[in-house]
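Have a look at this one.
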Amino acid sequence: MGWVGEQIDSIKSLQFRQVLTQAISLGMIVTSALIIWKGLMCVTGSESPVVVVLSGSMEPGFKRGDILFLHMSKDPIRAGEIVVFNVDGREIPIVHRVIKVHERQDTGEVDILTKGDNNFGDDRLLYAHGQLWLQRHHIMGRAVGFLPYVGWVTIIMTEKPIIKYILIGALGLLVITSKE
Amino acid sequence: MHSFVYRANALLTFAVTILALMCAMASLSDNFNSPSPTAEVQVLNINWFQKKPDGDDEVSLTLNISANLQTLFTWNTKQVFVFLAAEYETPKNALNQVSLWDGIIPTKEHAQFWIHTTNKYRFIDQGSNLRGKGFNLTLHWHVMPKTGKMFADKLAMTGFRLPETYR
């Protein structure tokens with residue numbers, strides 16, 4: 001009970017300038033995170049430079065909860081590359097391997113077929129109705145590296161948003177009640 | 001400055017930084033490995049070769065694939081994904097790559113193998129260009145690490161040709 005009393009006293013004794021300083025430092029932290037994220041988008045040439053693996057369709061290589069680092073260059077897409085793509089009309093990106101490539105002579109455009117390593121059949125069932133191939137503009141990036149388990153934080157926060165609110169609430173409380 | 005929360009925060013930051021550093025070093029150690037894989041493929045039989053109702057050619061092959069990929073494995077390797085692709089050119093397409101078979105090699109012991117199989121995935125052309133077509137069979141491998149950068153490479157075996165007529 002004494003600890004709660006102390007916290008209430010510290011909140012009451014806040015001065016306006018102190019609050020403003022803390023708000024600005026919080027803003028700085030959020031903005032630098034945003035700068036790093038946008039910078040990564042520029043460097044890797046991909047709209048989302050880091051993705052979390054959500055399904056088990058690439059096991060045992062990539063398990064649910066791993067994160068993948070993506071890179072998108074102008075190099076042509078070749079069989080065997082692990083690509084991340086969005087199907088028209090679906091927002092969740094899919095991470096699968098390219099198994100068939102047909103590249104046109106004249107335009108250099110490609111028709112691509114993908115398949116998850118752990119799936120029995122290819123991805124035609126996942127594509128939009130009537131779509132048989134992916135084109136380059138569907139591909140968001142190639143996977144070039146990966147880290148295991150780190151993505152569980154994102155999965156937990158997405159599937160149980162209450163944890164996200166608790167975390168932000170606790171952070172906010174910490175910022176307000178700290179004396180620096 | 002010495003409260004529990006500050007100490008926990010400092011400890012956590014330090015732990016995460018050290019972990020990230022260890023992952024990066026593990027990945028860097030893979031660069032010191034210079035692999036020397038070998039592979040050989042034979043087409044034992046053309047099972048059938050037809051033009052489908054929609055106009056595309058399709059062929060079914062029986063293959064004998066043997067390879068030794070043991071030198072690709074390091075202590076930081078989780079698995080090696082290997083696949084065999086038929087690669088050829090047609091008047092309309094500068095490059096066609098069709099994966100015929102793939103497999104996952106989980107450990108170094110499994111990396112020396114030979115298998116006798118028909119093609120796992122259908123060998124279908126975009127069009128009707130496969131009669132008498134010369135093609136390469138390229139073995140591709142993709143080294144997937146426990147952490148860090150993935151490496152991919154391939155070995156092309158040339159000189160294969162499909163028959164001049166359907167059968």
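Go through segment A:90-111 and report how many residues are facing another protein chain (nearest Cβ under 10 Å) and under 22 Å from residue A:144 (Cα atoms).
Total meeting the criteria: 7.
Further question on the same structure: Among B:11, B:95, B:44, which is out of contact with any strand residue (DSSP E or B) (no Cβ under 7 Å at 6 or more places or on another chain), open to solvent by 30 Å² or more (accessible area, probe 1.4 Å) and of a type outside the set (Gly, Ala, Ser)?
B:11
Report, by residue number, each residue of segment A:51-79 that is part of a loop (DSSP other than H, G, I, E, B), closer than 18 Å to residue B:148 by Cα and within 14 Å of another protein chain (Cβ to nearest Cβ).
Result: A:53, A:58, A:59, A:60, A:61, A:62, A:63, A:65, A:66.
Which count do you get for residues in segment B:126-142 that are surrounded by fewer than 20 Cβ atoms within 10 Å (Cβ to Cβ) and in a loop (DSSP other than H, G, I, E, B)?
7
Just to verify a result, which residue in segment B:102-125, among those that are open to solvent by 30 Å² or more (accessible area, probe 1.4 Å) and within 12 Å of chain A (Cβ to nearest Cβ), is farthest from residue A:98 (Cα to Cα)?
Among them, the one singled out is B:107.
Residue by residue, here is whether (1) part of a strand (DSSP E or B); (2) of a type in the set (Phe, Trp, Tyr); (3) under 29 Å from residue A:99 (Cα atoms) holds:
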site	(1), (2), (3)
B:36	no, no, yes
B:49	yes, yes, yes
B:64	yes, no, yes
B:79	yes, no, yes
B:91	no, no, yes
B:95	yes, no, yes
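Among the numbered conditions (1) in contact with a strand residue (DSSP E or B) (Cβ under 8 Å, 6 or more places away or on another chain); (2) farther than 23 Å from residue A:156 by Cβ, tell me where residue A:60 comes up short.
(2)
Rundown of residues vs (1) loosely packed, with under 11 Cβ neighbours inside 10 Å; (2) aromatic (Phe, Trp, Tyr), yes/no style:
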position: A:7; (1), (2): no, no
position: A:28; (1), (2): yes, no
position: A:56; (1), (2): no, no
position: A:59; (1), (2): no, no
position: A:69; (1), (2): no, yes
position: A:81; (1), (2): no, no
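The values are calculated or read from the model by the stated rules, or taken from the named source; none is laboratory data. Please read all numbers here as calculations on a predicted model, not as lab measurements. Cβ sites come from the backbone with ideal geometry, for glycine too, and all protein chains shown count toward neighbours. Heads up: the accessible areas ignore ligands, DNA and RNA and are worked out on the full protein's heavy atoms, side chains in. Shrake-Rupley method; radii C 1.70, N 1.55, O 1.52, S 1.80 Å.
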